[in-house]
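A short reminder: the numbers here are calculations on the coordinates, not readings from a lab. Bear in mind the structure is a predicted one, so any value in this text is a computation, not a measurement. When we count neighbours, we look across all protein chains shown, and the Cβ atoms used for this are built from the backbone with ideal geometry, even at glycine.
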Amino acid sequence: MSRIKTVGLLGGGVIGAGWAARCLLNGIDVVLFDPDPQNEKKTGEVLANARRAYQKISPSGLPTEGTIRFAGSVAEVAEAADFIQESLPEREELKKSVLAEACETLAAEVIIGSSTSGLLPSRIQADLKGPERFVVGHPFNPVYLMPLVEICGGALTTQETKDRAAEFYTSIGMRPLHVRKEIDGFIADRLMEALWREALWMINDDVASAEEIDDAMRFGPGLRWSFMGTFMTYRIAGGVGGMRHFMEQFGPTLQLPWTKLMDVPDLTDALIDKIASQSDEQADGASIRDLERLRDDCLISVMSALESQNYGAGEVLGQYKKRLQKGDW
Ligand SMILES: NC(=O)c1ccc[n+]([C@@H]2O[C@H](COP(=O)([O-])OP(=O)(O)OC[C@H]3O[C@@H](n4cnc5c(N)ncnc54)[C@H](O)[C@@H]3O)[C@@H](O)[C@H]2O)c1
């Protein structure tokens, strides 16, 4: 792929400004259109935070920063861009009409990435000129630090578009994840949405407060999720019997009222086989003990990093270490 020198951004809110910062700090020029009169100021504030963060990540090794131009129209962005990233409000009709306007001017080979959190790419691209170059590139906030970008094509998106988009996102330090089957909410937002709905139920039913729910996450499973996902975590939780034992032990809980999301799949032998064999493949020959050591090392690394911020689990670790130093146990 020829190097992307200028990225055109449509929408410069929370996510668009984050894209601007990631691109600029990776040495790419940005042309941004957002009708909000406050946008230049807001983008500048996000950029200042991003510069500060990148200084911490890499104090001496950053590329020369790109330049940013605040455009007066969609066409001005389309004329200048080697790659478009759309971060308009999450309204399908608005995205479709602004992108149709951009396509009037945009060169045929320029890819359009969309930041949509969950709208279906097939629907957004349906009436676009050159629909094959449209693809979802769903980022996470703050875009300049979070590595994940979910790539999801619609029915008319070519594999080449997905590959070129992945190559570009990789070049600016991100971790593309191809969503193979088009689905509302993609992968990560579906998971977050399930958690969110359950959390809303617990608040609604006075089971727990927002702070208590956040504490349950940040002092517990959230720590593990930051380096191992649900499946690898549960594999280890099954002990040396691994995922099969875990599923035998906890399979019956699917029938218990542990969640309001009661529409769960039947645990057929075929489904258990499928999950257990995918888990075997994911483990790639590592033993449970190997994985336990990896898990522990990662946990310590994350908590030590949080300790330097004296925040969350890091505050707990810092206080514990002080007590140990004083011989106070
Ligand atoms: N906020 C998140 O955590 C998050 C995470 C991932 C993806 N997203 C997705 O990113 C997209 C943008 O979300 P956001 O959180 O940045 O929203 P936002 O409201 O912060 O920003 C949207 C921006 O679009 C601008 N805008 C409105 N009409 C426009 C037009 N016609 N042309 C150009 N700009 C226009 C607004 O002025 C605003 O600055 C959405 O699709 C959202 O689902 C959001």
Is it true that some residue in region 34-54 is under 15 Å from Ser87 (Cα atoms) and either more than 11 Å from the ligand (Cβ to nearest atom) or of a type in the set (Phe, Trp, Tyr) (or both)?
-> no
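Quick one: which helices (runs of 4 or more DSSP H) lie wholly within region 128-233 and hold at least 2 residues that are under 30 Å from Gly27 (Cα atoms)?
Per the criteria, 159-171, 188-204.
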Scan region 86-139 for residues that are away from the ligand (no atom under 13 Å from the Cβ), among the hydrophobic types (A, V, I, L, M, F, W, C) and more than 21 Å from the chain's Cα centre (by Cα) and jot them down.
-> Cys103, Leu106, Ala107, Ala108, Val110, Ala126, Leu128
In region 8-17, is there at least one residue being more than 13 Å from the ligand (Cβ to nearest atom) and either surrounded by fewer than 16 Cβ atoms within 10 Å (Cβ to Cβ) or under 22 Å from Cys103 (Cα atoms) (or both)?
-> no
For Ala270, state whether it is part of a helix (DSSP H, G or I), more than 25 Å from the chain's Cα centre (by Cα) and in contact (Cβ under 8 Å) with a residue 24 or more places away in the chain.
-> no
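Of everything in region 34-81, what is among the hydroxyl-bearing types (Ser, Thr, Tyr), farther than 30 Å from Ser97 by Cβ and surrounded by fewer than 17 Cβ atoms within 10 Å (Cβ to Cβ)? Give them in sequence order.
Taking region 34-81 and keeping what is among the hydroxyl-bearing types (Ser, Thr, Tyr), we get 43, 54, 58, 60, 64, 67, 73.
Next, only the ones that are farther than 30 Å from Ser97 by Cβ stay: 54, 58, 60, 64.
Answer for region 34-81, where residues must be among the hydroxyl-bearing types (Ser, Thr, Tyr), farther than 30 Å from Ser97 by Cβ and surrounded by fewer than 17 Cβ atoms within 10 Å (Cβ to Cβ): Ser58, Ser60, Thr64.
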Filter result (in contact with a helix residue (DSSP H, G or I) (Cβ under 6 Å, 6 or more places away or on another chain) and outside any helix (DSSP H, G or I)) within region 41-61 = none
